Amino acid sequence: MKKGIAVFLSVLLMLSLAACGSADQNDTLVWYLGGTNSTLSEEKKPEDLFAGVQDTINPAQIYSSLTYTEEMLYGCYTVNDLEKDVKAVRKDIPFEDVTFDNGSFSVSTLPVSVCFGAAYVCNPLTNYNYSTLETVTNVQVAALSFATADDIGHVPCTYEVNGNQIVFREIQGEENIQDGTVNADTLGATFQFTFSLSGPYLTLSRGDATLELCAYAFTENVDSELELSAYSLPDSALVANLDYFQCSDIWNFAIKRNNEYFSRSAYKITDTGLFTIYLEDGYASEPSEPIVQQFAYIAQSDASAFGSDIRLILLDGNKQYFYTDSLVGREKRELQEYGGEIGEMSDEEIEAIAEKRSDLFDDLAEAFREQGIAVTINRGTGEIAMDASVLFSGDSAAITEEGKALLNQFLNAYTSIIFNEEYDGFIEKTLVEGHTAPLANSTYESGLPLSTERANAVKAYCLSQDFGANTERLAASLEAVGLSNSKPVYNADGEVDTEACRRVSFRFIVQA
């Protein structure tokens, strides 16, 4: 099965700006993505950037020692060609009689596709069934697709992972899902498999039968080229401070969490599980040597009929780097956290808001950079943060003269962007948030008074006449809130950064 996938993909993913795939002398399938960013005139093919790079890790060794969780399996896996390969499954994989909620059927002992996770269960693979499962939060859900004698049958399930074993339990009717909760008393047929992951492949075994499935984006079921759309989770460790990267036949870019862009980015992917990143930090004042790092990977692919984004978990044997967030996912969390009514909004509408927010971050970052303003932008959390040690002295809530000078600069730049013609009316409110560090001897209650006092002090200064800008429009939207130690800042290693936690941040909330 794997060899057949490799033969097909070597034809499908021919050389382009976005991706190319070919088999090397060891029959390893290789994809190259990126290379020349749209901002660069100097053209470089991605395969040239990786010339001479030696492999430094063994993906198989990393996979063998990995402790799997249910979240690692998110995404859609399937046979390479649903029309052709299901026929082979009917021939080579044993069948068994199973009693389901809607009757007894003879089905293949191994599924021909599996969609893991609430965000992935309703798609073309399942004929867009199971939209109700998208609301489930109390258990992990999946949709199994089994071959029958002349069709494919779909089964909604819960699933649990224990070591290299995975257990699915049939959800007997979507009416047994209420308010995002699956009724555990209505679970039916049980399926248990041994599994392994390797790059884009999920291998399932039961008894003497084994079937290799592949992340949907890598299969013949997709007409478009390979695309990466990988955003980091807010508390994940980062690769070279990389927050997210997009790579398609239209554009290629990589952005740090602090909003700085890498000048060039490229990626080499093999079907044996090796993922190599190439980054050039050419926009820095002192250009450095390219960053080249290697990881094992797990691909999380959706199942779109028109194209399929790939998200990634990168593994180096010590840390796990979760690039599994999405632009829409980030925006939904932001809107929901601050009371946005998104129930009637489509993903396309939310994505449009998120893209405009991204443009606003770019414009703000450029304005701050031009004026040399010392703030930290965190694209993952949506914060624009100031170091509390600059604004205040010790444990005081009185703003220092240095802090007032910083706020003067910041407020003039900030209001010049958010109130210009392009973004006028886009922002509903601006929050001034006070934060403390989560020290071992501190609690939320102990840090709340100081964080609140500092947020209120900064708000009061923003609405004074001291910084020289018209405060009337800002006054209508500015709110202060103390958050104590409830929102820690994580460094690039995914660990709490105590110093960075002590901050006052500005966060703009957009109109939903």
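The values are calculated or read from the model by the stated rules, or taken from the named source; none is laboratory data. In this text, all values refer to a predicted model and were calculated from it rather than measured experimentally. Glycine gets a Cβ as well: all are built from the backbone with ideal geometry, and neighbour counts include every protein chain shown. Just so you know, the surface numbers come from the protein's heavy atoms only, side chains and all, with ligands and any DNA or RNA stripped out. Shrake-Rupley method; radii C 1.70, N 1.55, O 1.52, S 1.80 Å.
Would you work out if segment 31-139 is rounded, prolate or oblate? Take a ≥ b ≥ c from the square roots of the eigenvalues of the alpha-carbon gyration tensor; rounded if a/c is under 1.5, else prolate when a/b is larger than b/c, oblate otherwise.
Note, shape of segment 31-139 comes out prolate.
Between Val53 and Ser446, what is the FRET efficiency for a Förster distance of 51 Å, r being their Cβ-Cβ separation, to the nearest 0.05?
0.50
On a full-extension model of 0.36 nm per residue, what is the gain between Thr498 and Thr28, subtracting their alpha-carbon distance, rounded to one decimal in nm?
Taking Thr498 through Thr28 to full extension adds about 164.8 nm, to one decimal.
Which option, (i) 80, 57, 46; (ii) 77, 57, 40; (iii) 98, 82, 47, is the value of Cα extents along the principal axes in Å that was calculated from these coordinates?
Recomputing Cα extents along the principal axes in Å here picks out (i).
Just name one of Leu228, Asn259, Leu197: the one whose Cα is farthest towards the positive end of the charge dipole of segment 169-285 (beta-carbon charges, Lys/Arg +1, Asp/Glu -1).
My answer, from the dipole projection, is Asn259.
Work from the charge dipole of segment 365-405 (Cβ charges, +1 for Lys and Arg, -1 for Asp and Glu, about the Cα centre) and give the residue of Ala385, Ala398, Ala365 farthest towards its positive end.
Ala365
Report the label-to-label distance for Ser104 and Asp185 in nanometres (one decimal), using points 7 Å from each Cα along the Cα→Cβ vector.
Placing both labels 7 Å beyond Cα along the Cβ direction yields 2.7 nm.
Using 0.36 nm per residue of separation minus the Cα-Cα distance, give me the extension gain between Asn258 and Ala60 in nm, one decimal.
Working it through step by step, the gained length comes to 67.9 nm.
Got the relative contact order for the chain handy, in percent, Cα pairs under 8 Å and 6 or more residues apart?
Reported as a whole number, the value is 13 percent.
Apply the a/c threshold of 1.5 to the C-alpha gyration tensor of segment 231-381 and tell me whether it is rounded, prolate or oblate.
oblate
Mind checking the full-extension length gain between Thr400 and Arg473? Use 0.36 nm per residue of separation minus the Cα-Cα distance, one decimal, nm.
23.8 nm
Given R₀ = 45 Å, what would the calculated FRET efficiency be for Asp92 paired with Asp249, taking r from the Cβ atoms and rounding to 0.05?
The value I calculate is 0.80.
Report ³J(HN,Hα) in whole Hz for each residue of segment 122-131, in order, from the Karplus equation J = 6.51 cos²θ - 1.76 cosθ + 1.60 where θ = phi - 60°; Gly and Pro get x.
Per residue, the Karplus-derived 3J(HN,Hα) values read 10, 6, x, 4, 10, 6, 6, 7, 6, 4 Hz.
Restricting to DSSP loop positions (anything but H, G, I, E, B) with no more than 12 other Cβ atoms inside 10 Å of their own Cβ, which chymotrypsin sites (Phe, Trp or Tyr not before Pro) remain in segment 97-137?
Answer by residue number: Tyr128.
Straight-line reach from Lys256: which lysines have Cα under 27 Å away, leaving out those fewer than 8 places along the same chain?
Filter leaves Lys44, Lys45, Lys268, Lys319, Lys332, Lys356, Lys429, Lys487.
For the pair Ser224 and Ser464, what calculated FRET efficiency results from E = 1/(1 + (r/R0)^6), where r is the Cβ-Cβ distance and R0 = 56 Å, to the nearest 0.05?
0.55
Taking the Cα centre of the chain as origin and charging only Cβ (+1 Lys, Arg; -1 Asp, Glu), how large is the dipole, in debye to the nearest 20?
It comes to approximately 780 debye.
Might you tell me the accessible area per residue for segment 253-406, computed with a 1.4 Å probe and given in Å²?
42 Å²
Roughly how many nanometres apart are two label points built 7 Å out from the Cα toward the Cβ at Ser288 and Glu355?
Going from the Ser288 label point to the Glu355 one covers 3.3 nm.
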